[in-house]
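*Asks:* Structure incoming, see below.
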Amino acid sequence: MKMQFKIYRYNPDVDAKPYMQDCEVELEPTDKKLLDALVRLKVVDDTLSFRRSCREGVCGSDAMNINGKNGLACVTDVAGLKQPVEIRPLPGLPVIRDLIVDMTQFFKQYNSIKPYVINDTPPPSHERLQSPKDREELDGLYECILCACCSTSCPSFWWNPDKFVGPAGLLAAYRFIADTRDTATNERLDNLEDPYRLFRCHSIMNCVDVCPKHLNPTKAIGKIKELMVKRIA
Amino acid sequence: MANVAKRQFDAVIVGAGGAGMRAALQLSEAGLKTAVLSKVFPTRSHTVAAQGGISASLGNVQEDKWEWHMYDTVKGSDWLGDQDAIEFMCKTAPEAVIELEHFGMPFDRVESGRIYQRPFGGHTANFGEKPVQRACAAADRTGHALLHTLYQRNVRANTQFFVEWMALDLIRDADGDVVGVTALEMETGEVYVLHAKAVLFATGGAGRIYAASTNAFINTGDGLGMCARAGIPLEDMEFWQFHPTGVAGAGVLITEGVRGEGGILLNGNGERFMERYAPTLKDLAPRDFVSRCMALEVLEGRGAGKNKDHVLLKLDHLGPEVINHRLPSIREIAIKFAGVDPIKEPIPVIPTTHYQMGGIPTNYLGEVMVPKGDNPEVRVNGFYAAGECACASVHGANRLGTNSLLDLVVFGKSAGDSMIDFIKRERPVHKPLPENAADYSLSRIARLENQTGGEEVNDVRSAMQKTIQLRAGVFRNSENMALGVKEIAEVAERAKRTQIKDKSKVWNTARIEALELDNLIEAAVATMIAADARKESRGAHSHDDFQKRDDDNWMKHSLFFSHDRHLDYKPVHTKPLTVDYIPPKERTF
């Protein structure tokens, strides 16, 4: 099967500016996912650059914009993709080369929410106990793979990537607020009490639409906002 | 020395998976200036793909003891594991897992509030009597939960990561001591010398030497390649684990936890064939054993599907609740990669290359040990290894499921402690770098840059993968392996002449893949030669012409030296730290 592509290309060493490249690749019957097709394209043209690793949707390396929507190449079926398949780097972050973006800002925001359990009481010799029900509160929060599909589909993040934490970071913030072992809820809310960091989320819900792990950052953000309101009341 | 930038650290860690990050935490918290290099952002390391659990005899669900865990591990290793290292790991396991919980790892829980534990392959109570629930799990995402937790804890500790840096070569001085590494910053294409008092390799496995593997693209055995080129031998490279349940065709992993939760294997006739081979443990026998049984079923014409080339993993009888709660990612993987919903249909599976039992020879303190004169184990000063790239050896000839994640945190920590101790007591100031520290790496890059009339990287890599897949598989024989030795030598010659079209500096992935191939080839040659030499069947090395384990002649570790491709051997450690030796016996389940 032949497949047509339109791929964003930019190599700062040789290109004055980015361009869209038309190309075609002959797929083998075993090439089921978009990543398989990209790997095959790279055999023909070894200058095509993209990140990839686990090829099963758990490492978060190969997030890109596929026919206008962010997703992971390794879990996107080639069957059913509208051709020519238009592939671009994740929007809103600086492009380093081809499909590789600079994710510094994204991780800076993630780190800014203190993504670790804070609990200053000395731990017991066994586990800090947590009931199955309390543990269930973390479901839908901890599974994030930091692929950045969500944050880079969010208009608020595009406008203020330095000030708005973004859906991935806020999902992580709520993951720690929701953890019964964490004692720093107040401190975490203080950290987000700001016109930009949390409140730039306008519930556009692009994040929910694109998350390859089917997580719901908007809902988590809503819960943080609720806690903020409760705290004032 | 050519004009290469230098940076100085107390410690350099290569690799930011579970082992690298556990060690990093130790060093950062001790206040040492530590650089952690990784080809990928830390949470993209392959630890993230581990699914089923991490073993520890917590006894949260059923009575358990570390001595039973130790026995299972020794038996699982087919008596090739070093019993001092195994004792250390199994005894330390409970505190290592509790520590992860204290770090914030989101383990599943039982009603008492303690960590949930599930049964797993080869995990037994009372020295093989019956299955026991020892695998501590976060649904079927235990590796993800562990890796993210360790990254988060390192954010807290302010660890300095060098993200998307690829280490190129180990720097040894005239005494053979390790004093640093060379590394390529991928974004700029610049080569650096990183000068360190101690270096840890935590670079993961080389599963990509096989054509079909559960491993990620990044698992190219970089630490093995660097060691081989620097004159450090590779241990037990003939032992590769074939995981029983890779998705047929796709190679993606389906956790043994599925069988732990009650899933069963069926052949093409709908028979639960494992009952015939392993009356006690059935589908939960160790992986080498189950993989062989599956391959036999297929070979003898009892496979499933149109071509009778796989078997079936049935779990629909567990019900939607258990599947959605305990095995949610498995359901997703089955739907995405096998086109079946396991709530209704079985998953087509075949044994798939999964884990490298061998690697860089270390002791249980994470110190790299090599032969010198009559002494089979002499420390390489300043050099440490942990995790899948290392061979402590706790897994021997076959690893038990969930012992890999345990290995990462136990030996990551002990290696970190050893490095702190070494830096404080033995190397408080840097040992000088040799004059020509970067020359070798630069010459490798220059060779690639200037190669004409050479070989395509993809062609050579495919030839290597095809050879290893065909000649070093689940079942091996003398004729096939002798051919493999010849073929892989030819491929290795071709690998010296790889050529790339992309000559740019910025994020040149063609160059990175060529450099990775240099490392893969070292692992592939070591695998083929060590496999061909071992005239017995032990663990994952199943030899048609020598079907029995031969303890008199072969209870020993192989050591492969790359420079002249010779093999040496060293004894298995038969003396545990405090308990009695577990003597070999026949392995039945």
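*Asks:* Identify the residue in the range A:139-172 that is of a type in the set (Gly, Ala, Ser) and out of contact with any Ser or Thr (no Cβ under 9 Å at 6 or more places or on another chain) and, among all such residues, is nearest to the other protein chains (Cβ to nearest Cβ).
*Replies:* To start, the set of residues in the range A:139-172 that are of a type in the set (Gly, Ala, Ser) comprises A:140, A:148, A:151, A:153, A:156, A:166, A:168-169, A:172.
Okay, now just the ones that are also out of contact with any Ser or Thr (no Cβ under 9 Å at 6 or more places or on another chain), so A:140, A:148, A:151, A:153, A:156, A:172.
Working: A:GLY140: 10, A:ALA148: 10, A:SER151: 14, A:SER153: 19, A:SER156: 23, A:ALA172: 9 Å.
My answer is A:ALA172.
Residue-by-condition table, conditions (1) assigned by TED's automatic domain parsing to the domain that holds B:ALA138; (2) touching a helix residue (DSSP H, G or I) at 6+ places or on another chain (Cβ under 6 Å); (3) within 15 Å of B:THR255 (Cβ to Cβ); (4) open to solvent by 10 Å² or more (accessible area, probe 1.4 Å):
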| position | (1), (2), (3), (4) |
| --- | --- |
| B:VAL311 | no, yes, no, no |
| B:ILE323 | no, yes, yes, no |
| B:SER329 | no, no, yes, yes |
| B:ASN363 | yes, no, no, yes |
| B:MET369 | yes, no, no, yes |
| B:ASN381 | yes, no, no, yes |
| B:CYS389 | yes, yes, no, no |
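*Asks:* Scan the range B:532-556 for residues that are over 21 Å from B:ASP568 (Cβ atoms) and of a type in the set (Phe, Trp, Tyr) and report the count.
*Replies:* Matching residues across the range B:532-556 total 0.
*Asks:* Let me ask something else about it. Just name the residue that is most open to solvent (accessible area, probe 1.4 Å) out of those in the range B:332-349 that are out of contact with any helix residue (DSSP H, G or I) (no Cβ under 7 Å at 6 or more places or on another chain) and within 14 Å of chain A (Cβ to nearest Cβ).
*Replies:* Among those that are out of contact with any helix residue (DSSP H, G or I) (no Cβ under 7 Å at 6 or more places or on another chain) and within 14 Å of chain A (Cβ to nearest Cβ), it is B:ILE335.
*Asks:* With the structure loaded, tell me whether B:VAL110 is within 11 Å of another protein chain (Cβ to nearest Cβ), closer than 25 Å to A:PRO122 by Cα, among the hydrophobic types (A, V, I, L, M, F, W, C) and open to solvent by 10 Å² or more (accessible area, probe 1.4 Å) or whether it fails that test. Let's see the steps before the verdict.
*Replies:* Values: within 11 Å of another protein chain (Cβ to nearest Cβ): yes; closer than 25 Å to A:PRO122 by Cα: yes; among the hydrophobic types (A, V, I, L, M, F, W, C): yes; open to solvent by 10 Å² or more (accessible area, probe 1.4 Å): yes.
So B:VAL110 fits the description; yes.
*Asks:* Any residue at all in the range B:485-506 that's of a type in the set (Lys, Arg) and more than 27 Å from B:TYR440 (Cα to Cα)?
*Replies:* The first filter runs over the range B:485-506 and keeps only residues of a type in the set (Lys, Arg), leaving B:486, B:494, B:496-497, B:501, B:503, B:505.
Next, only the ones that are more than 27 Å from B:TYR440 (Cα to Cα) stay: B:486.
Yes, the range B:485-506 contains a residue that is of a type in the set (Lys, Arg) and more than 27 Å from B:TYR440 (Cα to Cα).
*Asks:* Looking only at the range A:93-114, count how many residues are assigned to a loop (DSSP other than H, G, I, E, B) and either over 16 Å from the mean Cα position of the chain (by Cα) or surrounded by fewer than 21 Cβ atoms within 10 Å (Cβ to Cβ) (or both). Let's see the steps before the verdict.
*Replies:* Filtering the range A:93-114 for residues assigned to a loop (DSSP other than H, G, I, E, B) gives A:93-94, A:98-99, A:102-103, A:113-114.
Cutting the leftovers down to either over 16 Å from the mean Cα position of the chain (by Cα) or surrounded by fewer than 21 Cβ atoms within 10 Å (Cβ to Cβ) (or both) gives us A:93-94, A:98, A:102, A:114.
The total comes to 5.
*Asks:* Here is a further query. Output the residue which, of all residues in the range A:39-79 that are in a loop (DSSP other than H, G, I, E, B) and acidic (Asp, Glu), is nearest to B:GLU164 (Cα to Cα). Full working, then the answer.
*Replies:* Residues of the range A:39-79 in a loop (DSSP other than H, G, I, E, B): A:45-62, A:67-68, A:76, A:78-79.
Within this subset, residues satisfying the condition of being acidic (Asp, Glu) are A:45-46, A:56, A:62.
Values: A:ASP45: 22, A:ASP46: 19, A:GLU56: 20, A:ASP62: 14 Å.
Only one residue fits best here, namely A:ASP62.
*Asks:* Condition check: over 30 Å from B:HIS541 (Cα atoms) and either open to solvent by 60 Å² or more (accessible area, probe 1.4 Å) or in contact (Cβ under 8 Å) with a residue 40 or more places away in the chain (or both). Does B:GLN465 satisfy that? Can you show your working first?
*Replies:* Numbers: over 30 Å from B:HIS541 (Cα atoms): no; either open to solvent by 60 Å² or more (accessible area, probe 1.4 Å) or in contact (Cβ under 8 Å) with a residue 40 or more places away in the chain (or both): yes.
Considered against the rule, which asks whether it is over 30 Å from B:HIS541 (Cα atoms) and either open to solvent by 60 Å² or more (accessible area, probe 1.4 Å) or in contact (Cβ under 8 Å) with a residue 40 or more places away in the chain (or both), B:GLN465 comes out as no.
*Asks:* Is it the case that the range A:39-51 has a residue that's closer than 22 Å to A:CYS211 by Cα, open to solvent by 10 Å² or more (accessible area, probe 1.4 Å) and more than 8 Å from chain B (Cβ to nearest Cβ)?
*Replies:* No.
*Asks:* Sticking with this structure for a sec: Restricting to the range B:56-91, what's the tally of residues that are among the polar types (S, T, N, Q) and over 11 Å from B:VAL394 (Cβ atoms)? Break it down stepwise before answering.
*Replies:* The first filter runs over the range B:56-91 and keeps only residues among the polar types (S, T, N, Q), leaving B:57, B:60, B:62, B:73, B:77, B:83.
This time we only want the ones that are over 11 Å from B:VAL394 (Cβ atoms), so: B:57, B:60, B:62.
Number of matching residues: 3.
*Asks:* Do we have B:THR34 as in contact with a His (Cβ under 6 Å, 6 or more places away or on another chain) and under 24 Å from B:GLY189 (Cα atoms) here?
*Replies:* Numbers: in contact with a His (Cβ under 6 Å, 6 or more places away or on another chain): no; under 24 Å from B:GLY189 (Cα atoms): yes.
Spelling it out, it is not the case that B:THR34 is in contact with a His (Cβ under 6 Å, 6 or more places away or on another chain) and under 24 Å from B:GLY189 (Cα atoms).
*Asks:* If you don't mind, there's one more thing I want to ask. Under the condition of being touching a Ser or Thr at 6+ places or on another chain (Cβ under 7 Å) and open to solvent by less than 30 Å² (accessible area, probe 1.4 Å), which residue from the range B:535-560 is nearest to B:GLY223 (Cα to Cα)? Show your work before the answer.
*Replies:* Looking only at the range B:535-560, we keep the residues that are touching a Ser or Thr at 6+ places or on another chain (Cβ under 7 Å), and these are B:539, B:543, B:545-549, B:557.
This time we only want the ones that are open to solvent by less than 30 Å² (accessible area, probe 1.4 Å), so: B:539, B:543, B:557.
Values: B:GLY539: 24, B:HIS543: 28, B:HIS557: 19 Å.
Residue satisfying both the conditions and the ranking: B:HIS557.
*Asks:* Quick test for you: out of B:LEU100, B:LEU37, pick the one residue that is within 14 Å of another protein chain (Cβ to nearest Cβ) and either surrounded by fewer than 24 Cβ atoms within 10 Å (Cβ to Cβ) or over 22 Å from B:MET369 (Cα atoms) (or both). It would help to see each step written out before you state the result.
*Replies:* Numbers: B:LEU37 fails: within 14 Å of another protein chain (Cβ to nearest Cβ).
The unique qualifying residue is B:LEU100.
*Asks:* Of the residues B:THR149, B:THR124, which single one is open to solvent by less than 10 Å² (accessible area, probe 1.4 Å) and more than 14 Å from chain A (Cβ to nearest Cβ)? Break it down into steps so the answer makes sense when it comes.
*Replies:* Numbers: B:THR149 fails: more than 14 Å from chain A (Cβ to nearest Cβ).
That would be B:THR124, the only listed residue that is open to solvent by less than 10 Å² (accessible area, probe 1.4 Å) and more than 14 Å from chain A (Cβ to nearest Cβ).
Yes or no, residue by residue, for (1) among the aliphatic types (A, V, I, L, M); (2) out of contact with any strand residue (DSSP E or B) (no Cβ under 6 Å at 6 or more places or on another chain); (3) without any contact (Cβ under 8 Å) to a residue 40 or more places away in the chain:
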| position | (1), (2), (3) |
| --- | --- |
| B:GLY20 | no, no, no |
| B:LEU32 | yes, no, no |
| B:THR43 | no, yes, no |
| B:THR47 | no, yes, no |
| B:GLN51 | no, yes, no |
| B:SER55 | no, no, no |
| B:ASN60 | no, no, no |
| B:GLU67 | no, yes, no |
| B:MET70 | yes, yes, no |
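*Asks:* Next question, about the same structure. So which pairs qualify, if the first residue must be in the range B:420-443 and more than 11 Å from B:GLY382 (Cα to Cα), the second must be open to solvent by less than 20 Å² (accessible area, probe 1.4 Å) and in a helix (DSSP H, G or I), the Cβ gap must be under 7 Å, and the two must be at least 6 apart or on different chains?
*Replies:* Final answer for the pair search is none.
*Asks:* Within the range A:1-38, track down each residue that is within 8 Å of chain B (Cβ to nearest Cβ) and either in contact (Cβ under 8 Å) with a residue 60 or more places away in the chain or not in a loop (DSSP other than H, G, I, E, B) (or both). If you could, list the steps in order and put the result at the bottom.
*Replies:* Residues of the range A:1-38 that are within 8 Å of chain B (Cβ to nearest Cβ), as a first pass: A:11-14, A:30, A:32.
Passing the criteria: A:ASN11, A:PRO12.
*Asks:* Which residue out of A:ASP134, A:ASP120 is more than 30 Å from A:PRO29 (Cα to Cα), part of a loop (DSSP other than H, G, I, E, B) and either modelled with pLDDT of 95 or more or open to solvent by 30 Å² or more (accessible area, probe 1.4 Å) (or both)?
*Replies:* Numbers: A:ASP134 fails: part of a loop (DSSP other than H, G, I, E, B).
The unique qualifying residue is A:ASP120.
*Asks:* Moving to a separate point now. Out of everything in the range A:52-83 that is in contact (Cβ under 8 Å) with a residue 40 or more places away in the chain and open to solvent by 40 Å² or more (accessible area, probe 1.4 Å), what residue ends up being nearest to the other protein chains (Cβ to nearest Cβ)?
*Replies:* Among residues in the range A:52-83 that are in contact (Cβ under 8 Å) with a residue 40 or more places away in the chain and open to solvent by 40 Å² or more (accessible area, probe 1.4 Å), the one nearest to the other protein chains (Cβ to nearest Cβ) is A:ASP77.
*Asks:* With respect to A:ARG197, determine if the residue is within 21 Å of B:LEU150 (Cβ to Cβ), open to solvent by less than 60 Å² (accessible area, probe 1.4 Å) and basic (Lys, Arg). So that I can check it myself, show each step before the final result.
*Replies:* Numbers: within 21 Å of B:LEU150 (Cβ to Cβ): no; open to solvent by less than 60 Å² (accessible area, probe 1.4 Å): yes; basic (Lys, Arg): yes.
Spelling it out, it is not the case that A:ARG197 is within 21 Å of B:LEU150 (Cβ to Cβ), open to solvent by less than 60 Å² (accessible area, probe 1.4 Å) and basic (Lys, Arg).
The values are calculated or read from the model by the stated rules, or taken from the named source; none is laboratory data. Nothing here was measured: the structure is a model prediction, and the numbers come from that model. All Cβ positions, even for glycine, are placed from backbone atoms using ideal geometry, and neighbour counts span all protein chains on display. The area values use the complete protein model at the heavy-atom level, side chains included, leaving out ligands, DNA and RNA. Shrake-Rupley method; radii C 1.70, N 1.55, O 1.52, S 1.80 Å.
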